[in-house]
Structure formats: structure tokens, C-alpha cells
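Only one structure is covered here, and it is reproduced in the block below.
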Amino acid sequence: MTDLIGRTALVTGASRGIGQAIAAGLAAKGAMVIVHFGTDQEGAAATVGEIERAGGTAVAVGAELGVEDDVETLFAGVEAGLAGRPLDILVNNAAAAPAGPLGTTTRTEFDHLFAVNVRAPYFIIQRALPLLPDGGRIVTISSVATRMANPTQTSFAMTKGAVETMSMTLANKLGARGITVNAVAPGATRTATNGAFFEAPGLADFIAGTTALNRLGNADDVADVVAFLASNAARWITGQVIDASGGLFLGPRT
């Protein structure tokens, strides 16, 4: 299915993991993809290479997020990659990892978490709006952590709650232009980057046992949801948080 032919997309944090899968998935449907990376230039090149080997088109753009002038640096590369074309699809995927539970997170870690996970997506959207045509798509990656009480991820969950609220309010604001704004909330998702974490004895089985679909997620599970939201088939969906966790912690399984 190639329903994104002629479209352009920016995926932040696309050098590995879920972001890499999202970029490849959008390219497989025909979009030209701008692959953003923070520091992992080699990973971004691998993403671009994967897309090109599959017959797609992509370009890598580097910009560290959460620092001064991050958005300006990013969009200098984005506009060069677009070469005068509009930006049809924006996927805010890049995020800093959980910093730790209350009492261990430092002010510096807390501020960095919000700078990358909240401030950057907000101002990336602001900067992208003049490039987005009517009918454009904005998708921000959230987390299932917003609907579960996990004391080890308090500050991280706070950042994801913020972008979910942002998505709802911007959907209401931008709907007059036909621009849809949604969030996707993954759960426990095994990728090439974090695979070792799930090798802890019994952990994968425990998580699968608390998931309605009885397995860990993978990057393509999330990427396919994003590709759907970017497509014309999702034109009537906006202001929503789409849970892409396989039903993690829905309740007791009896």
C-alpha cells in the first residue's frame, strides 16, 4: 500500500528503535522521510540506507534537542531536505529516557527531561506549522506510563501527560485547516536498542502475562499505528491518544 506517495515526513529520533521503524514504515508507503538524529549519526545513516535499499527516499538531519537553538538547527536541515516542498507529516518521537523515581531525579535531569520531551515537540510543531499544508498530520509519541502508576517513572510520565494534553488542544486549534493531531502511547516494546533489558530472568514472561495480547510489543507494532494516523484513512481521527501497548495492565487476567 503506497498511500503516502508524494508526501514528505519528518521523524525525530529516527536513528534507532521505534523512530527508525516509523521512518521506514512511512517510507514504505511512499513518503520522502527526513530522518532526525541527536548524536547517533551512524544509526541515522543506517535508517536512511534501509529506506533507500527498499526503494524509498530519505535524508538524515542532525540536531541535539533540549539545548539552545535546537529547533532552529533542526529546521535549517529540514528545509534544506525539503527543497521547497511542504512538510506533510510530523512525527515527534525523540524523547529522553526516564530519569528515576522521586528523590533520585536531580533538577538538572528533570529540566533536561522536560526540555527534550515537552519543550522540543511544542516548538517543533510551532516551527513546522508554516510548512504544513491543510490536511497535514502531526503525531507525537507518548507512553502507556500516563495511565499507570509507576513511581520509577514519575517525571517521565509527567512529560508524556503534557504532550497528550498538547495534542488534544492543538487538534482543536488546527482542525479548521484539516490538520489532525494525535498521540500514540506504546507500552513495553522490545527493540534492537533495549533488547538486553528484557533478557532479565522472567521479565519478558511477566510483562507478557500482564498484557491482553500476551506478548511484548515490537517497533513495527507502533510504527504501523503511526503510519495509519498519517494516512488518509485516519482523516476523521484527531485529538486522540491511541494506546499501542497490546493492552498492557488492563486488569487481572482470569
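Each value in this text was obtained by applying a stated rule to the coordinates, not by laboratory testing. Here the structure is a predicted model, which means the values were calculated and not measured. Cβ: placed from backbone, ideal geometry, glycine included. Neighbour counts: every protein chain shown.
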Seminar exercise, completed: Normalised per residue, the volume inside the convex hull of the alpha-carbon atoms of region 101-150 in Å³ amounts to 78
Problem set entry | For the chain: span of alpha carbons on each principal axis (Å, largest first) | 52, 42, 39
Seminar exercise, completed: Percent relative contact order for region 170-254, counting Cα pairs under 8 Å at least six residues apart, stands at 44
Exercise. How far, in degrees from 0 to 90, does helix 41-53 lean away from the longest principal axis of the Cα atoms of the chain, to the nearest 10?
Worked result: 70
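Can you tell me, using C-alpha contacts under 8 Å and at least 6 residues apart, the relative contact order of region 8-244 as a whole percent?
Relative contact order, region 8-244: 20 percent.
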Exercise. Cα centroids of region 195-234 and region 161-184: how far apart, whole angstrom?
Worked result: 24
Exercise. Hey, in the GNM for the chain with a 10 angstrom Cα cutoff, which one of 65, 203, 82 fluctuates hardest?
Worked result: 203
Exercise. Under a point-charge model restricted to the Cβ atoms of Lys and Arg (+1) and Asp and Glu (-1), what is the dipole moment magnitude of region 1-56 relative to its Cα centre, in debye to the nearest 20?
Worked result: 140
Problem set entry | the chain: angle of helix 70-82 to the longest principal axis, Cα-based, in degrees nearest 10 | 50
Exercise. For the chain, what is the charge dipole size about the Cα centre, in debye to the nearest 20, if Lys and Arg each add +1 at the Cβ and Asp and Glu each add -1 at the Cβ?
Worked result: 680
For this session: With springs connecting C-alpha atoms under 10 Å apart, model the chain as a Gaussian network and identify which of 46, 21, 94 has the largest mean-square fluctuation.
Result: 46
Exercise. Rounded to a whole number, what is D in µm²/s for region 66-206 from Stokes-Einstein with the Kirkwood radius over alpha-carbon pairs (4 °C, 1.567 mPa s)?
Worked result: 78
Exercise. Within the chain, what's the longest stretch lacking GluC sites (Glu not before Pro) that sit in DSSP loops with no more than 16 other Cβ atoms inside 10 Å?
Worked result: 69-254
